[in-house]
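The values are calculated or read from the model by the stated rules, or taken from the named source; none is laboratory data. Since this is a predicted model, take the numbers as computed values, not measurements. Every residue, glycine as well, gets a Cβ built from its backbone with ideal geometry; the counts of neighbours run over all protein chains shown.
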Amino acid sequence: MNKAEDIKLITSFLLSNNNNIFDKLVLKYQSQVRRFMLNLTMGDEALSDDLAQETFIKAYLNIRSFKAMSNFSTWLFRIAYNVFYDNKRAEKSLLPIEDVKNDNYSENTQFSSEKVDIFNALKILKSEERTVILLFYMEDKTQKDISNITGYPLGTVKTHLLRGKEKLGSYLKEEGYGK
């Protein structure tokens, strides 16, 4: 589906209030939102599922606020981003996300050693850098979309991408990649 098809589905849903139409949007984007949450939660599958579900509930309840000035996926990822950080603030109201030790990737999920190295590399990034890197490389979002999702100015998005790539590259070289 493209942007026009998404808008057609949203319009049809708003006119008919038929939940089956909204389900089509959920089916289209659920794996992307869940993957984004899984990466942000560093592999906590249960939390990822809960946050993804909360994202779609909020999207359902606020669909009338979608103005089609950006892609539906950008609007949806903005909701997902806010849901994740609202959850983090509620859990650890005084601790920055970098201070929260979470090794769920190695405990809860079976991954190859290369993927574990990537996940460990992501842990060294600041939360802002990690979010921008995940949106850009894992979710194929443009820098402009990332700016809309996170609320960061475009220049800040570019800076987080550059710094994140540099940190990831250095870490992976130390781990024996790229030699």
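A few notes on this one:
- When the range 10-39 is filtered for residues that are in contact (Cβ under 8 Å) with a residue 24 or more places away in the chain and either among the β-branched types (Val, Ile, Thr) or not assigned by TED's automatic domain parsing to the domain that holds ALA52 (or both), the ones remaining, listed by number, are ILE10, VAL26, VAL33.
- Pairing residues of the range 49-76 that are without any contact (Cβ under 8 Å) to a residue 40 or more places away in the chain with residues that are basic (Lys, Arg), at Cβ distances under 6 Å and at least 6 apart in sequence or on separate chains, gives ALA52/ARG34.
- Residue list for the range 118-150, restricted to those being without any contact (Cβ under 8 Å) to a residue 40 or more places away in the chain and farther than 18 Å from THR41 by Cα: ASP140, THR142, GLN143, LYS144, ILE146, SER147
- Meets criteria (at pLDDT below 95, over 19 Å from ASN148 (Cα atoms) and of a type in the set (Lys, Arg)) for LYS67: no
- Tallying residues that are surrounded by fewer than 16 Cβ atoms within 10 Å (Cβ to Cβ), of a type in the set (A, V, I, L, M, F, W, C) and either on the phi > 0 side of the Ramachandran plot or not in a helix (DSSP H, G or I) (or both) within the range 27-68 yields 1.
- Whether a residue is among the small types (Gly, Ala, Ser), at pLDDT below 90 and part of a helix (DSSP H, G or I) was assessed, and ALA80 does not pass this test.
- Among the residues making up the range 131-179, those that are surrounded by fewer than 15 Cβ atoms within 10 Å (Cβ to Cβ) and under 30 Å from ALA68 (Cβ atoms) are TYR137, MET138, ASP140, THR142, LYS144, GLY151, PRO153, LEU154, GLY155.
- Selection of the range 83-122 for residues being modelled with pLDDT under 60 and surrounded by 12 or more Cβ atoms within 10 Å (Cβ to Cβ) yields ILE97, GLU98, VAL100, ASN102, ASP103, ASN104, TYR105, SER106, ASN108, THR109, PHE111.
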